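**Student:** My structure is below; once you've seen it, I'll send some questions.
The values are calculated or read from the model by the stated rules, or taken from the named source; none is laboratory data. The model shown is predicted, which means the values in this text are computed figures rather than measured ones. As a convention, Cβ positions derive from the backbone with ideal geometry for all residues, glycine included, and neighbour counts pool all protein chains shown.
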Amino acid sequence: MPRDTTAPLTPSTIALLTIPPLLWAGNAVVGRMAAAWIPPITFNLLRWLIAFALLVPLAHWVLRPGSPMWRQWRRFAVLGLFAVAGYNMLQYLALHTSTPLNVTLVASSMPVWMMLVGRLFFAAPVQRQQLTGAALSLSGVLVVLSQGQWANLLKLHFVPGDAWMLAAAFTWACYSWLLTRRDESPEIRRDWAAFLLAQTAFGLISAAALAGGEWIWLSTAAPADMPTRIHWSWALAAVLLFVAVGPSVIAYRCWGAGVQRAGPTVAGFFTNLTPLFAAVMSSLLLGETPQAYHALAFGLIVAGIAVSSRRG
């Protein structure tokens, strides 16, 4: 049975779990930019096709007949459905009607989903320090949202895309807990590229099916704010390359290793760094400097991580 480990956080584990939120914040920013150029599910499909092409030279052996991947295809099909097709598709759908900051803030519910999924489906107990850590971490997110002025919370406006992001957060929690099962063969487990390539190979099947459904839908009842074809440009090509290399290959590699070390619940608190990184990136893109409330938010989020990772 999978368990949520509470091993002390080492500097290398902290680095592994900090890199994905940084890259995912960038994914939210450029994903919003690409929303006007390409349909969201098609964008997700192209992203993972490029990632697949990058992974094949690193672990092509896993695709050969007789590879242990084919004996364990059900596991990799489920992982690919949740991570490659499900989570990313829902996030890009969310970015068509929501802002990068809103999307990352809604995703800050991740620690709560991690605890709920772990308790309901994996018999993982919810500990007091995890609840305290969640409160501290979410307080940091609220500081970013309010820009240090609590009255700004009354001006918050949610849109349909935020509901898509809630579904994405639940999907990612399920994926992260499934990573703890370690049901794959030792050969694949030892090779991170093979493990990710196996997920991607099966996830592309689901992503392609969903993209086909998207084009049928766009040809009959396309919403006014969604492109009905791909508007190719060098900017779109650069965005696709970035999301394939950074938020896909590098972030998934680091996240998988970090979850194996720290457990899904503790790892989930690191996702609350994403809205902070998104806010800083947006500030830099606008030529503004980070504010004092960013430092306060960072302190609260880090405090939440530290408290949640303590042994009970």
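**Student:** Would you call residue 182 within 22 Å of the chain's Cα centre (by Cα) and without any contact (Cβ under 8 Å) to a residue 40 or more places away in the chain?
**Tutor:** Values: within 22 Å of the chain's Cα centre (by Cα): yes; without any contact (Cβ under 8 Å) to a residue 40 or more places away in the chain: no.
In short, no.
**Student:** Hey, residue 187 hits all of (1) buried (at least 16 other Cβ atoms within 10 Å of the Cβ); (2) under 24 Å from residue 62 (Cβ atoms); (3) of a type outside the set (Ser, Thr, Tyr) but one; which does it fall short on?
**Tutor:** (1)
**Student:** Run residue 225 past the list (1) touching a residue at least 60 places away in the same chain (Cβ under 8 Å); (2) surrounded by 14 or more Cβ atoms within 10 Å (Cβ to Cβ) and report the number of the one that doesn't hold.
**Tutor:** The failed condition is (2).
**Student:** State the number of residues belonging to region 144-156 that are at pLDDT 75 or above and surrounded by 17 or more Cβ atoms within 10 Å (Cβ to Cβ).
**Tutor:** The qualifying residues number 0.
**Student:** Still on this model: Could you list, in sequence order, all residues of region 9-59 that are among the small types (Gly, Ala, Ser), crowded, with 17+ Cβ neighbours inside 10 Å and not in a helix (DSSP H, G or I)? Working first, answer last.
**Tutor:** Going through region 9-59, the residues among the small types (Gly, Ala, Ser) turn out to be 12, 15, 25-26, 28, 31, 34-36, 51, 53, 59.
Those still in the list that are crowded, with 17+ Cβ neighbours inside 10 Å too: 25-26, 28, 31, 34-35, 51, 59.
Answer for region 9-59, where residues must be among the small types (Gly, Ala, Ser), crowded, with 17+ Cβ neighbours inside 10 Å and not in a helix (DSSP H, G or I): just 35.
**Student:** Pick from 195, 170: which is in contact (Cβ under 8 Å) with a residue 40 or more places away in the chain, under 25 Å from residue 35 (Cα atoms) and not charged (D, E, K, R)? Break it down stepwise before answering.
**Tutor:** On the way: 195 fails: under 25 Å from residue 35 (Cα atoms).
After ruling out the rest, the residue left standing is 170.
**Student:** Taking the stated definitions as given, is residue 70 surrounded by fewer than 16 Cβ atoms within 10 Å (Cβ to Cβ) and of a type in the set (Phe, Trp, Tyr)? Steps first, please.
**Tutor:** Numbers: surrounded by fewer than 16 Cβ atoms within 10 Å (Cβ to Cβ): yes; of a type in the set (Phe, Trp, Tyr): yes.
Yes: the conditions hold for residue 70.
**Student:** With the checklist (1) closer than 30 Å to residue 57 by Cβ; (2) surrounded by fewer than 22 Cβ atoms within 10 Å (Cβ to Cβ); (3) over 18 Å from the mean Cα position of the chain (by Cα) in hand, flag the one item residue 129 doesn't pass.
**Tutor:** (1)
**Student:** Here is a further query. Of the residues that make up region 193-209, is at least one over 16 Å from residue 21 (Cβ atoms), surrounded by fewer than 18 Cβ atoms within 10 Å (Cβ to Cβ) and out of contact with any Leu (no Cβ under 8 Å at 6 or more places or on another chain)?
**Tutor:** Pass one, region 193-209, residues over 16 Å from residue 21 (Cβ atoms): 193-209.
Those still in the list that are surrounded by fewer than 18 Cβ atoms within 10 Å (Cβ to Cβ) too: 205, 208-209.
Still in the running and out of contact with any Leu (no Cβ under 8 Å at 6 or more places or on another chain): 205, 209.
Within region 193-209 (the criterion being over 16 Å from residue 21 (Cβ atoms), surrounded by fewer than 18 Cβ atoms within 10 Å (Cβ to Cβ) and out of contact with any Leu (no Cβ under 8 Å at 6 or more places or on another chain)), the answer is yes, since at least one residue qualifies.
**Student:** Scanning region 77-101 for residues that are crowded, with 24+ Cβ neighbours inside 10 Å and touching an Asp or Glu at 6+ places or on another chain (Cβ under 8 Å), which turns out farthest from residue 218 (Cα to Cα)?
**Tutor:** This residue is 98.
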